[in-house]
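The values are calculated or read from the model by the stated rules, or taken from the named source; none is laboratory data. Computed from a predicted model, the values in this text were never measured in an experiment. Because the Cβ atoms are built from the backbone with ideal geometry, glycine has one as well, and the counts that use them run over all protein chains shown. To get the accessible areas, we keep the full protein, side chains included, count just its heavy atoms, and leave off ligands, DNA and RNA. Shrake-Rupley method; radii C 1.70, N 1.55, O 1.52, S 1.80 Å.
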Amino acid sequence: MIENFRHIAFCVEDIDTATVFYKELGGTLVSSDLEEGVFIESLLGVPGVIIKTCKLHFKGGERLELMEFVAPQNKLDSESMPQTLMTKTGLHHIAFTVDNLEVAINIVIGHGGKVVGSVVRPDSEHSVHAVRSKHVYMIDPFGSLLHLAEDI
């Protein structure tokens with residue numbers, strides 16, 4: 001049985017830039033490693049794989065792992081990214097509660113990310129479980145879909 005939520009992992013093209021970005025959004029860098037050899041090859045099922053990893057923690061206890069494949073390399077297709085991210089099967093997005101949505105949006109945009117859709121506030125017509133909050137979906141600078149929310 002599941003005991004807890006362990007972490008979310010994002011594959012990025014530039015781990016140093018991604019680490020700076022997520023630290024600016026409130027993450028604390030806990031570890032940074034170059035992983036290669038039998039363990040990681042066996043875990044991922046990819047012979048010869050080499051990855052850089054960084055683990056960040058957030059004040060609510062959430063954990064984010066960033067992964068950059070040194071070998072083999074992974075490249076993004078930025079042309080079809082927004083639609084592909086919204087409709088793909090598997091991990092859809094990571095949601096963060098932020099203390100100031102406007103500031104968080106500006107940080108994401110300042111690092112090269114972009115807004116998808118618009119900032120919205122749910123009401124009881126949307127869901128009887130709606131929490132008083134503002135929400136926005138964004139694509140971070142590395143191609144991952146973010147859902148940012150500020151409770152109001």
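Can you tell me which residue is modelled with the highest pLDDT among those in region 119-137 that are surrounded by fewer than 10 Cβ atoms within 10 Å (Cβ to Cβ) and among the hydroxyl-bearing types (Ser, Thr, Tyr)?
Ser124
Determine if region 51-59 includes at least one residue that is among the polar types (S, T, N, Q) and modelled with pLDDT of 90 or more. Working first, answer last.
Let us first name the residues in region 51-59 that are among the polar types (S, T, N, Q), namely 53.
Retained after the next criterion (residues that are modelled with pLDDT of 90 or more): 53.
Within region 51-59, one or more residues are among the polar types (S, T, N, Q) and modelled with pLDDT of 90 or more.
Quick check on my filter: what residues within region 112-148 are closer than 30 Å to Cys11 by Cβ and of a type in the set (Gly, Ala, Ser)?
As a first pass, look at region 112-148 and keep what is closer than 30 Å to Cys11 by Cβ: 112-120, 133-148.
Scanning region 112-148 gives Gly112, Gly113, Gly117, Ser118, Ser133, Gly143, Ser144.
All but one of (1) under 26 Å from Tyr137 (Cβ atoms); (2) in contact with a strand residue (DSSP E or B) (Cβ under 7 Å, 6 or more places away or on another chain); (3) modelled with pLDDT of 85 or more hold for Ala71; which doesn't?
Unmet for Ala71, out of (1) under 26 Å from Tyr137 (Cβ atoms); (2) in contact with a strand residue (DSSP E or B) (Cβ under 7 Å, 6 or more places away or on another chain); (3) modelled with pLDDT of 85 or more: (1).
Just the residues that are assigned to a strand (DSSP E or B) and at pLDDT 90 or above, please, taken from region 11-32.
To start, the set of residues in region 11-32 that are assigned to a strand (DSSP E or B) comprises 11, 28-32.
Hits for region 11-32 are Thr28, Leu29, Val30, Ser31, Ser32.
Tell me which of these Glu35 doesn't satisfy, since it passes every other one: (1) modelled with pLDDT of 90 or more; (2) surrounded by 15 or more Cβ atoms within 10 Å (Cβ to Cβ); (3) assigned to a strand (DSSP E or B).
Every listed condition holds for Glu35 apart from (1).
Starting from region 85-103, keep only residues that are open to solvent by less than 60 Å² (accessible area, probe 1.4 Å), then list their pairs with residues that are of a type in the set (Gly, Ala, Ser) and at pLDDT 90 or above whose Cβ atoms are within a distance under 6 Å, requiring at least 6 positions of separation or different chains.
So the pair list comes out as Val98/Ala104.
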